[in-house]
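Take a look at the structure set out below.
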Amino acid sequence: MSGEAATGVPRARSFADLHVHTSASFDSLSRPEAVVRAAAVRGLTHLAITDHETLDGALRARDAAPEDLAVIVGQEVRTSRGDMIGLYLHERVPAGLSPEETAAAIHQQGGLAGLPHPFDRYRGSGAYGRTEDELASLAGVLDYVEGWNARIMVGNGNLLAVEFAQAHGLPAVAVSDAHTVMEVGVAYTIVEGSLDDPGQMRAGLPAAQLVTGRGSRLLRAGMPLAKLVQRLRGNRRVAV
């Protein structure tokens, strides 16, 4: 899908949720077709589908998206130390590499490497518990940081993420990290101009506006059920 409006005129402004899951993930039951419908209805212009260890859901979503919604093919990758997001991917990035190797694999495809929920102590968070030297090394391979992740319900993880981004000169984004259709777009990022390609994303993120919101604890509590259903279906991807 193009990042342009249906008329072919480049967008003056883009509204992007850059971290969304579908039923291709082990912990979501959201059909890609339902996810893109919800995103379009809620006024998003760009949606990054970032399923765990697969591009399948993103490709389905891209095929099903309406003309006024551009789907960015992405992946949430399990590294040897926390998770990493890859955007604008063409091939799946293998799990288990170091963060530096993972970022290199993303960049080799021309994509962007982002750090999701970096200080959430309850998930695979790449910055939590690292030394200052380790944080500086990690920052050097990133293109952006999730400064607001709507699924952080407890603690100061989002505040620490913004401080980390500012300290290392990295742009911050706001994301829903949606695992249900209801969560899509509860937080998003506004970027001036279009986001047709990685170059436009890199150019636009430093001046991006973050629109913050939170999903409900009730919705997050549904994840164990989603994991159980996916296991019964034979989807046995391993959580971090």
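The values are calculated or read from the model by the stated rules, or taken from the named source; none is laboratory data. Note that this is a predicted model, so its numbers are computed, not measured. FYI the Cβ positions are ideal-geometry reconstructions off the backbone, even for glycines, and counts take in every protein chain you see.
Screening region 49-81 for residues that are touching an Asp or Glu at 6+ places or on another chain (Cβ under 7 Å) and assigned to a strand (DSSP E or B) and picking the one that is farthest from ALA113 (Cα to Cα) gives HIS52. Of the residues making up region 121-160, those that are loosely packed, with under 13 Cβ neighbours inside 10 Å and part of a loop (DSSP other than H, G, I, E, B) are ARG121, GLY129, THR131, GLY140, VAL154, GLY155, ASN156.
Just one of the listed residues (ASP68, ASP51, ASP56, ASP63) is surrounded by fewer than 18 Cβ atoms within 10 Å (Cβ to Cβ), under 12 Å from ALA24 (Cα atoms) and of a type in the set (Asp, Glu), namely ASP56.
A count restricted to region 25-47 and to residues that are touching a helix residue (DSSP H, G or I) at 6+ places or on another chain (Cβ under 8 Å), among the small types (Gly, Ala, Ser) and not in a loop (DSSP other than H, G, I, E, B) stands at 2. Counting only residues that are in contact with a helix residue (DSSP H, G or I) (Cβ under 9 Å, 6 or more places away or on another chain) and part of a helix (DSSP H, G or I), region 82-102 holds 2 of them. Looking at VAL73, VAL35, VAL9, just one residue is of a type in the set (A, V, I, L, M) and at pLDDT below 95, and that residue is VAL9.
Please determine whether any residue of region 172-179 is out of contact with any helix residue (DSSP H, G or I) (no Cβ under 7 Å at 6 or more places or on another chain), surrounded by 18 or more Cβ atoms within 10 Å (Cβ to Cβ) and in a loop (DSSP other than H, G, I, E, B). Checked region 172-179: at least one residue is out of contact with any helix residue (DSSP H, G or I) (no Cβ under 7 Å at 6 or more places or on another chain), surrounded by 18 or more Cβ atoms within 10 Å (Cβ to Cβ) and in a loop (DSSP other than H, G, I, E, B).
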